[in-house]
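Enquirer: Just passing along the structure, written as structure tokens.
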Amino acid sequence: NVPEDHADKLLLANWGLPKAVLEKYHSLGVVQMFEWQAECLMLGQVLEGKNLVYSAPTSAGKTLVAELLILKRVLETRKKALLILPFVSVAKEKKCYLQ
């Protein structure tokens, strides 16, 4: 569970994302994360580029964790990221979404 002193980490607005990114998530109805998503982002040194392996059922929110990790790292390091997706249709959808 997310410690009580980190409960504010459930809100996307508290992760240092640019206003435009937050507005886009908010327009899609995404204002906060589930506890398990925040736990993933707070594990070890994952925000510093260390590896993370996690598993959750379909539609549980795994993609949001990946997106936030990618966004944070790209914005902070100015390096490129590679997002691997299982199908061309999903890749096209995600491309439009991220643009």
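The values are calculated or read from the model by the stated rules, or taken from the named source; none is laboratory data. These numbers come from a predicted model, not from an experiment. Heads up, the Cβs are rebuilt from the backbone with ideal geometry, glycines too, and the neighbour counts pull from every protein chain shown. Accessible surface is based on the protein model in full, side chains and every heavy atom, while ligands, DNA and RNA are left aside. Shrake-Rupley method; radii C 1.70, N 1.55, O 1.52, S 1.80 Å.
Enquirer: Of all residues in segment 76-93, count the ones that are assigned to a helix (DSSP H, G or I) and open to solvent by 70 Å² or more (accessible area, probe 1.4 Å).
Expert: Within segment 76-93, the subset assigned to a helix (DSSP H, G or I) is 76-77, 88-93.
From the residues that got through so far, the ones that are open to solvent by 70 Å² or more (accessible area, probe 1.4 Å) too are 76, 88-89, 92-93.
Qualifying residue count for the region: 5.
Enquirer: Let me ask you something else. Any residue at all in segment 35-47 that is of a type in the set (Phe, Trp, Tyr), touching a helix residue (DSSP H, G or I) at 6+ places or on another chain (Cβ under 8 Å) and under 16 Å from Leu10 (Cβ atoms)?
Expert: Our first condition is that a residue be of a type in the set (Phe, Trp, Tyr); within segment 35-47, this holds for 36.
Still in the running and touching a helix residue (DSSP H, G or I) at 6+ places or on another chain (Cβ under 8 Å): none.
Looking through segment 35-47, none of the residues is of a type in the set (Phe, Trp, Tyr), touching a helix residue (DSSP H, G or I) at 6+ places or on another chain (Cβ under 8 Å) and under 16 Å from Leu10 (Cβ atoms).
Enquirer: Cβ-Cβ under 9 Å, sequence separation 6+ or interchain: first residue in segment 12-36 and without any contact (Cβ under 8 Å) to a residue 40 or more places away in the chain, partner of a type in the set (Asp, Glu) and open to solvent by 30 Å² or more (accessible area, probe 1.4 Å). Which pairs?
Expert: Hits for this filter: Asn14/Asp8.
Enquirer: May I pose another question? How about segment 43-75: which of its residues are of a type in the set (A, V, I, L, M) and assigned to a helix (DSSP H, G or I)?
Expert: Taking segment 43-75 and keeping what is of a type in the set (A, V, I, L, M), we get 43, 46-47, 52-53, 56, 60, 64-66, 68-71, 74-75.
Scanning segment 43-75 gives Val46, Leu47, Leu64, Val65, Ala66, Leu68, Leu69, Ile70, Leu71, Val74, Leu75.
Enquirer: Next question. Can you find a residue in segment 16-29 that is among the β-branched types (Val, Ile, Thr) and either assigned to a helix (DSSP H, G or I) or surrounded by 14 or more Cβ atoms within 10 Å (Cβ to Cβ) (or both)?
Expert: Taking segment 16-29 first, the residues among the β-branched types (Val, Ile, Thr) are 21.
From what's left, either assigned to a helix (DSSP H, G or I) or surrounded by 14 or more Cβ atoms within 10 Å (Cβ to Cβ) (or both): 21.
Checking segment 16-29: at least one residue is among the β-branched types (Val, Ile, Thr) and either assigned to a helix (DSSP H, G or I) or surrounded by 14 or more Cβ atoms within 10 Å (Cβ to Cβ) (or both).
Enquirer: Something else: Counting just the residues of segment 30-75 that are open to solvent by 30 Å² or more (accessible area, probe 1.4 Å) and of a type in the set (S, T, N, Q), which one comes out farthest from Lys95 (Cα to Cα)?
Expert: Gln45
Enquirer: The conditions are (1) part of a helix (DSSP H, G or I); (2) within 12 Å of the chain's Cα centre (by Cα), and Ala7 fails exactly one of them. Which is it?
Expert: Ala7 satisfies every listed condition except (2).
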